[in-house]
Every structure is written in structure tokens, then in C-alpha cells.
Amino acid sequence: MRIINLFAKSVLGVSVCSLSGGVMAETASHAAHSGASMLATVVVSDSASHQSHQSHQSHQSHQSHQSHQSHQSHQSVISLPESQPHDHRQEHGAQIYAVTTVDTQWQLNESGEGALQSELQTRIGTDENKLFLKIHRTKHESQPTEYDAKLLYSRMLSDFWDVQAGVRYRNQTAELVQQTDTEESLDVVLGLHGLAPYFFETDAHVYVGHDHYAAVELETTRDLLLTQKWIAQPYLDVKLQISDDTRYAQKTGLSHVAAGLELRYEVNKNIMPYVDVGYAYHKGNQHTAWQTSTPSEQGWLYAAGLRFRF
């Protein structure tokens, strides 16, 4: 009996020990599994944290690089030297140019009396500021030569008009009974030069001089292109004598009117022969202590001439 009891106790102890070892082994396995999971989680977390840190560093580095490039670009823009402003006057109206025209014509009236007329016109300057020199010479048959010279300063007033101011020198001659007398005069000139509507080139001037001399003159022309070489030019010249107490004074009022048509052939832009047909009216001279009164004259005028421009 004692042996049986002792065997039973031994078997019970062995069973308890085996059961305790299994439980401990299971617990150790679970602990080991939990440790591995925790280690993997820590590794993943560290890896994610490292990647996030790298990404943050890369983003910061990219932002810093962009900021640095932007700053360098801004510095390069600022450091560029300021360019000098373009002088548009060299393209629009600041060039100095000169044009000279020489015109000579032989003119006949209805009575067959001839006159040689010559004109020199020079203008030099820019579109805004110019100087005009005009010299006119008239030599009637069997009569002394008369001169007329003007020096004008021209200032641009608008796109199509200039205001002009200057002086005019006049040399008038008269045939007396036994001699030829000459009177020289100097007048102040004020007027306009430009392009009227419908492309009429116009000169309008007021003249004021000594001995109560005052006159207004208007000249207008227009080119009509027939071909590339043939050009017709109608013209109108009007003179209004306001007052005149000089020795060889003209009658006051509408003292002179001339209208006609010029037809020219342009060999080139420098040589232009032409013919001219016009009708003219001259009121005549008034009576003074040096001359007698003359009647008005009117009639057709025929002319042929040659014009040079350079």
C-alpha cells in the first residue's frame, strides 16, 4: 500500500512538473513573439521617422535652394546696369536737313512784253526749327531789276503748321524823266506756313514797315499727280495792301491777284522743266510826289521755266 501511494504521488508530481513546463514554454514563446513584434514596430517607426526626417531635410534644402536661386536672380537683376534711354529724336524730327530750290522762268504778257524772274529758296533745320531764306529777282524788259529777300525763322506749331517770323528787304526802282530812282525798305514779317485742308501748301504773311507800310500776302499751291513724271500744280497768289505812304506806293485794297496752272515734268527729283499759264490783276500805283498814278492792269501770262532742287 505504501508503495502504491508512493507511486501515485510520484506520477502526480511528474504531471504537475510537465504541466508547469508547458505553461512556462508557452509564456516564453508569447513573450518572444511580443518582443519580436515590438522590435519590428520600433524598426518601422525608426525607418519612418528617418524617412520623414530625410524628407523634411530635403524639403528644407529645396526651399533653401530655391530661395537662394531667387535671391541670386534678384541680385543679378538689381546688379544689371541701367540702360540709357533711347533718344527717339534721332528718328522723329531731330535730324538737320537742308533743301535748296532754284527757279528761273521767262514770262510773257498779252502785249508780248517779257520779264525774267528768278527765285532762290533755301531752308535748313529740323522739323521743329527751321530757317528760310527766299530771294526773288524780277527784270522787266527795258526796266531796272527789282529784288526781294526774306529771312524767316520757322517754329513748328502743330503737325501741319509752322509759325514764322523774320525780316524782308525790298529794293524798288522807278523810271523817272531823266534817271532811275531806287528805294530800299526793311519790313517785319509774321505769318504761317503749312498744309491747309485738301493738301494745299499755304504761306500767309503780314508785312509791316516804315512810312505806314502794311500788307498781307497769301500764296497757296497744290500738286496733282497725273503720272509718276507729269504733275499739274494750280496756284493762287493774293496781295492786300492795307496802307502805304512810301515814295512809290501802291494803291490800297486788293492790289494784286494771280491764278494759274503749272504743268511740270520731273526728269528726276532734282531737275524739273515746266510751263505755266495764268491770269493776273494789278491795281497799279497811287499818286505821290515821286510818281504819278497808274491804271490797273490785267491779262493772261505765259511762262516757261526750269527748276532745280538739291
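The values are calculated or read from the model by the stated rules, or taken from the named source; none is laboratory data. Bear in mind that the values here come from a model prediction, so they are computed numbers and not experimental data. No Cβ is skipped: glycine too gets one built from the backbone with ideal geometry, and neighbour counts run over all protein chains shown. Note: accessible area is taken over every heavy atom of the protein model, side chains too, but ligands, DNA and RNA are not part of it. Shrake-Rupley method; radii C 1.70, N 1.55, O 1.52, S 1.80 Å.
Pairs of alpha carbons in segment 256-310 separated by more than 19 Å make up 51% of all such pairs. As a size descriptor, the averaged projected area of the C-alpha convex hull of segment 196-236 was calculated at 3.8 nm². Remark: segment 150-166, residue by residue, has Karplus-estimated 3J(HN,Hα) of 10, 10, 10, 9, 10, 10, 5, 9, 8, 5, 10, 9, 10, 9, 10, 8, x Hz, where x stands for each Gly or Pro and the curve is 6.51 cos²θ - 1.76 cosθ + 1.60 at θ = phi - 60°. Rolling a 1.4 Å probe across the protein heavy atoms gives segment 241-293 an accessible surface of 50 Å² per residue. One way to sum up the overall shape of segment 162-283 is the equivalent ellipsoid from its Cα gyration tensor, whose semi-axes run 32, 19, 14 Å, largest first. Rolling a 1.4 angstrom probe over segment 194-249 with all protein chains present gives an accessible area of which 66% lies on carbon and sulfur atoms. Once backbone amide H atoms are built at 1.01 Å from N, V167 has L151, V189 as its partners under 5 Å, excluding neighbours fewer than 5 places away on the same chain. In whole percent, how big is the carbon plus sulfur part of the accessible area of segment 93-191, probe 1.4 Å, protein atoms only? So the carbon and sulfur contribution to the accessible surface is 56 percent. Packing-based ranking of 189-197, 269-277 yields 189-197, 269-277, ordered from highest to lowest mean Cβ neighbour count within 10 Å. Distances between placed amide hydrogens fall under 5 Å for D127 paired with Q95, all partners being 5 or more residues away or on another chain. Bridgeable aspartates and glutamates around K283 (alpha carbons under 19 Å apart, same-chain partners fewer than 8 residues away excluded): E110, E113, E146, E175, E217, E219, D237, D244, D245, E297.
Only residues of segment 199-217 count here: report those whose backbone N is under 16 Å from the spot 7 Å along Cα→Cβ of V163, or say none. Answer for this model: 204-206. Rounded, prolate or oblate, given the Cα gyration tensor of segment 96-176, with a/c below 1.5 counting as rounded? Here segment 96-176 falls in the prolate category. Here the calculated FRET efficiency for E183 and R137, from their Cβ-Cβ distance with R0 = 22 Å, stands at 0.85, rounded to the nearest 0.05.
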